[in-house]
Amino acid sequence: ALFLKAANAVFDERDGIREDYEVVRERLYDISELEAERIRLQNEMNIVAEMIQQCVNENARVALDQAEYQKKYDGLADRFDRIKERLEAVGIAITERMAKREKTERFLAELEKRDGSLTEFDEEDWYSLVEYATVYSREDIRFTFKNGMEIKA
């Protein structure tokens, strides 16, 4: 009964939810800056990898002070690892942003399919609309829908 009440409150706001989403969609889910950073990091990583290879090759050809060589090599390896770590974080951020956009758009598509209000619980409705429910107390139960909207039932 509480799910139906919360879901119907969302259905009542469906036009506003769609309009709000259209206004903020590009800002919320834009990945162009992240993609540009990913390309920059990949290029930088390739350059540092090449520098490491040159360092190793030089050490193999020329008698170098091994302490100096190790210091240079370690510095390049640390730089490479930092770039790789950031590149992985950027990749995760891109994936998460794309997944959130897809989830929200699926939610909106489900919302658009509904003609009227829900009159009985249906498991499919639950899974297609609700992200999770939080019970704070008997009088305070909240449903968080897949678009991030929270409704206290």
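The values are calculated or read from the model by the stated rules, or taken from the named source; none is laboratory data. All figures in this text were calculated on a predicted structure; none of them were measured in a lab. Don't worry about glycine lacking a Cβ; one is built from the backbone with ideal geometry, like all the others, and counts go over all protein chains shown. The area values use the complete protein model at the heavy-atom level, side chains included, leaving out ligands, DNA and RNA. Shrake-Rupley method; radii C 1.70, N 1.55, O 1.52, S 1.80 Å.
Sorting the segments 59-66, 15-22 by their mean number of nearby beta carbons within 10 angstrom, highest to lowest, gives 15-22, 59-66.
Comparing region 92-153 with the 2.2 N^0.38 Å rule of thumb, its C-alpha radius of gyration ratio is 1.26 (two decimals).
Surface composition of the chain: carbon plus sulfur atoms hold 48% of the accessible area, using a 1.4 angstrom probe and ignoring ligands, DNA and RNA. Between the helical axis of 2-12 and the longest alpha-carbon principal axis of the chain there is an angle of about 80 degrees. Here the chain is treated as an ellipsoid with the same Cα gyration tensor; its semi-axes, largest first and in whole Å, are 54, 17, 11.
By how many degrees, 0 to 90 and rounded to 10, does the Cα axis of helix 66-113 deviate from the longest principal axis of the chain? With rounding to tens, the tilt is 20 degrees.
Semi-axes of the equivalent ellipsoid for region 31-78, please: Cα gyration tensor eigenvalues, times 5, square-rooted, ordered largest first, whole Å.
Details: eigenvalues 186, 21, 3 Å².
Semi-axis lengths for region 31-78 are 30, 10, 4 Å.
Can you tell me the accessible area per residue over region 1-99, all protein chains present, probe 1.4 angstrom, in square angstrom?
Details: 6770 Å² over 99 residues.
Averaged over the residues of region 1-99, the accessible area is 68 Å².
Other residues with beta-carbon under 13 Å from the beta-carbon of Asp15 carry, at +1 per Lys or Arg and -1 per Asp or Glu, a net charge of -3. For region 77-125, the Kirkwood hydrodynamic radius from C-alpha pairs, put into Stokes-Einstein at 25 °C and a viscosity of 0.890 mPa s, yields a diffusion coefficient of 174 µm² per second. Annotation: extensible slack from Asp81 through Glu112 equals 6.5 nm (criterion: 0.36 nm per residue apart, minus Cα-Cα distance). Using a simple spin-label model with pseudo-atoms 7 Å out from Cα toward Cβ, Ala1 and Lys100 lie 3.6 nm apart.
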